Structures are given as structure tokens and as C-alpha cells.
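The structure appears below as C-alpha cells.
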Amino acid sequence: MTVTSFVPATEERFAHARQVADAVLFEGYVLYPYRASAAKNRLRWQFGVLVPPGWGAESEEHDFQHTECLMEPRAGATLSVEVRFLRARRRTVQQARPDGDFGTVSELHLDDRVLVPWDEGGEERVEVVVSVEELLGDGITRAFRLPAREDTAPVLDAAGRTVGRLVRRCAEISGTVRLSARELDGPYRAMRLTAVIENTSDWTPPEGHAADRDAALPYSLVATHLLMALSAGSFLSMTDPPEWAKGAVAACRNLHTWPVLAGEPGTADLVLSSPIILEDHPAIAPESPGALYDATEIDEILALRTAALTDEEKREARGTDERAAAVIELADSMPAEVLERLHGAVRSLREVTGPDPAAPAPDEGFPDEHGVRRPDTPWWDPANDAGFDPAADRVVVDGRSVGKGSRVELHPGLRRTDAQDIFLRGRTAKVEAVLHDVDGGVHLAVTVEGDPGADIRREQGRFLYFQPDEITPLEDDA
């Protein structure tokens, strides 16, 4: 494997981008409830899997990724590329026998965990540094090979005695990195950069045997993505390019991956090309307490549900994988104030025209620099809207005044898409309040007559809402 070390400045930039790249690398690595026995953990690693070419023809997965993007390098610039992927590491569990040897078992029970066979993922990197001038013409090709490997690790009980061992086996994997560049026509010195990652492993299914995805994974590059950095110059955004570059961007071919600007906002010397479509300058939410690995993860829900697992379920999760064990410990040890931060955040509120002289002081609900209120700060101050009273306000419908206590007939409009509305058509209801929204719209909160749960709904403030053109006032209005 050809590896060239990065200069410190490039390594620092890559280290920042790896925070997001790690989320790509381990997306779907181990899914809640983090146990090997869970059905959804039997089909893992859905993104960026480059399978061996001898099996790719029999599947819907691919043996390569093709990235194209535009760059404006300065004279003498170098390009640093880091290809990252997971390598499946097949783990078997063996139990110590009285004769001193070990025998393979399906489970090994310890006080705090239950060890089971599992495919772990080990991170691999291939690094290439090349001058931009070398990329012109045919470009360069770097081949790499990861030899087969077998490792063993003892399993100790609480007293420190060896009760078993874990045997981890990796298959041989080989691949290539192809880099090339071509100058674009026009007044600007811009280039189209092409980066192709290929799995060249020569593994093929045994003759006469149908191989499945599970058999091909040890010879695959899993969650493959790449980071590319210019020492001098910049990349162009693929989603928001300058006007002169829009045609060239549209002509770029990206297969099984998508490049975005990475690093700090305002910079353009770093690109992340990943199998998951991201926006420019992606970042990990500052509230996230740690990696939860579940696809489209929602930290609060996963943390709560993980903490609610039974002790036996947690034992199995701890024995499934070290990263799963870390998730269990994270959920069990998360302080209440950290969990509260996961409940939600507004990131679109920013100061635009300067401070509001009537805004409250920083210690009155605005603790951070973005003006985001604390969770316990009311979003609406009734004193500022003293002219509205849901219990007393009324609205004129068909020439009649309708307000709290009025009886109406419901006629859900065409704007509705809930099938339940079909069953409400023609029903009578009682108006509980007249509400005004911030856009000037009027809504009637109602309870349906004959509903046995109407009193409970009224007590809890859980109403159905209709607009004035969806009701007809009844003559016996109180």
C-alpha cells in the first residue's frame, strides 16, 4: 500500500472534517437496540459498500465510486487525498476447555455482557499526496493491498481468569485510487478533478455455490468516502457554483458518491465526497453527546429508548460490539441537563438588523450568542396580545356571531387530507375557543357532540380545529 504522510497543516484540516466523515463512516454500523440478535442488524452497512468485482455483477452494488468536482488551484499547489473505509472483521467466540484448548461457541456469558459472533468494522485509510501538475493528462494511479490477518484476544471474567477468547479474521483486500485533472476552457484557470476508487480484490464466489452479501462483505470496502484538500487554491461548490461555472458543474459525473465543501464555513480548500448526500460545510450538531450509529439518528429518542433497555438486553448489547457498549454507557450516564439539550434547537434565528432595544436582557431568556431562548422561556407573552382572548373572542360566519359555547355543524374542506375528516362531515360540535394565528388566520377549537371523551379532551385542552368556512352555525346557538 502506498501511503504518503500529510504535512501538519493538511492533517489539521482533515482532522476537523473527519468529525463529519466519521458520521458517514459509521452510519448504520450498529442499529438500535444495538444487539446482534436484532433482525435489522443482520443487514448492516447500507452506504458506500464497494464489493469485489467478481461479485458485483451478481448484485445491485458496485465495485467503484467516481467523483468529479471543479477546483481553482494556484501555481505549485498539491492535492492531498485520504480514502477512508471500514474493513469487515469477522469475529468468532471461543470458550476455554478443561484441557487448556478452546472451542468455538455461539454464546459466552459473563457477568456484564454476553459475547456472540459478530462482524466488526475496522477503519482503514489510504493517503496520497500529489502535485496538481502531475494530475494533468493521464493522471496517477495508486494501488493498495491490505493482507489477510488473524488476531486473538483473551476474554477474562470478573476475577481475572481466562474463560475464552475472541478470534478476529480479516480477508485480503486490494484496490486502486485514480486521480486526474483537466483544464477547462475559459478565462479562469479552473480544472475538473476526477477521483475514482475501485475495489480490485480477486475474490469470487466458490464455483457451484451461490454467494450472498454476507460472504462478499469481508472482501469489500465498506462506507467508502474520500477527503481532498488543496495546499493552495480552492474548490467550487457543486450546489451553489458561480454563474460562469454552472455549465461545467452540470457536466460533472458523480457516480455512487457526492462531493461537498467541508471544513469551516467560509473555507473552500477541502472537499468531502461521500455516498450520503450532504450540504456544503456539514457539521455535527453541538448538542449531540456522542455517536449513536443509527441511520437518521434522533439523539433524544435513541438515548431514552437505550436507557430503557432491560439489564439482560444491555448485557447482550455490550457483548455485541465495543461501540455498542459505549452507547449503553453513554445513555446510562447522561446527565439530565445534557438530555434536555437534545429536546430541540432552533438554528435559523440570527440577528439581522441589530439588537432590539425592547429585547430582554441576556439573563432573561437569551443565554447564547444566537439569541436562542431557553426551553422554559414562553414564546408568546399574553401581555403583548391583550386584544385577543380565545374564551371571549367571536367570529362572524354566515352573518351569525360564533364563539365559545356556539353549536356548529362540521363540513371539512377540500384542503384536508386526514381520512378521519370523512367521518366528521355533518357532525355537530361545540365551539370551545376562537384562536388567531400569527398570520392572521382564525381557527375554531371544537369538541364533537356525542363523543364520550369530550370532557377529557376539554380538560386536557385537546380539541379539533376548523376554519370558519368549514362550519355552519346552528339555529339553537347558546
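The values are calculated or read from the model by the stated rules, or taken from the named source; none is laboratory data. Predicted model, so just to flag it, every value in this text is computed and none were measured. Cβ coordinates were reconstructed from backbone atoms using ideal geometry, including for glycine residues, and neighbour counts include every protein chain displayed. With ligands, DNA and RNA removed, areas are computed over all heavy atoms of the protein, side chains included. Shrake-Rupley method; radii C 1.70, N 1.55, O 1.52, S 1.80 Å.
Among the residues of segment 40-95, the ones that are of a type in the set (D, E, K, R) and either part of a strand (DSSP E or B) or under 30 Å from ARG165 (Cα atoms) (or both) come to 11 in all. Applying the condition of being of a type in the set (Phe, Trp, Tyr) and more than 17 Å from the chain's Cα centre (by Cα) to segment 16-74 and asking which residue is nearest to GLU313 (Cα to Cα) yields TRP55. Considered as a group, the residues in segment 437-477 that are assigned to a loop (DSSP other than H, G, I, E, B) and touching a strand residue (DSSP E or B) at 6+ places or on another chain (Cβ under 7 Å) include one that is most open to solvent (accessible area, probe 1.4 Å), and that residue is ASP476.
Confirm whether PRO73 is modelled with pLDDT of 90 or more and more than 26 Å from LEU146 (Cβ to Cβ). Please lay out each step first, then the result.
Working: modelled with pLDDT of 90 or more: yes; more than 26 Å from LEU146 (Cβ to Cβ): yes.
So PRO73 fits the description; yes.
Considering GLU134, GLU150, the condition of being open to solvent by 20 Å² or more (accessible area, probe 1.4 Å), outside any loop (DSSP other than H, G, I, E, B), farther than 30 Å from GLU12 by Cβ and modelled with pLDDT of 95 or more is satisfied by GLU150 alone. In segment 12-37, of all residues being open to solvent by 10 Å² or more (accessible area, probe 1.4 Å), out of contact with any Lys or Arg (no Cβ under 7 Å at 6 or more places or on another chain) and not in a helix (DSSP H, G or I), the one that is modelled with the lowest pLDDT corresponds to GLU27. With respect to being open to solvent by 50 Å² or more (accessible area, probe 1.4 Å) and not hydroxyl-bearing (Ser, Thr, Tyr), PRO275 falls outside the description.
Out of contact with any His (no Cβ under 7 Å at 6 or more places or on another chain) and either open to solvent by 60 Å² or more (accessible area, probe 1.4 Å) or among the polar types (S, T, N, Q) (or both): is that true of LEU156 in this structure?
Yes: the conditions hold for LEU156.
Across segment 322-344, not a single residue is classified as under 18 Å from the mean Cα position of the chain (by Cα), surrounded by 18 or more Cβ atoms within 10 Å (Cβ to Cβ) and at pLDDT 90 or above. Looking at this structure, is ASP202 in a loop (DSSP other than H, G, I, E, B), within 24 Å of LEU86 (Cβ to Cβ) and open to solvent by 30 Å² or more (accessible area, probe 1.4 Å)? In short, yes.
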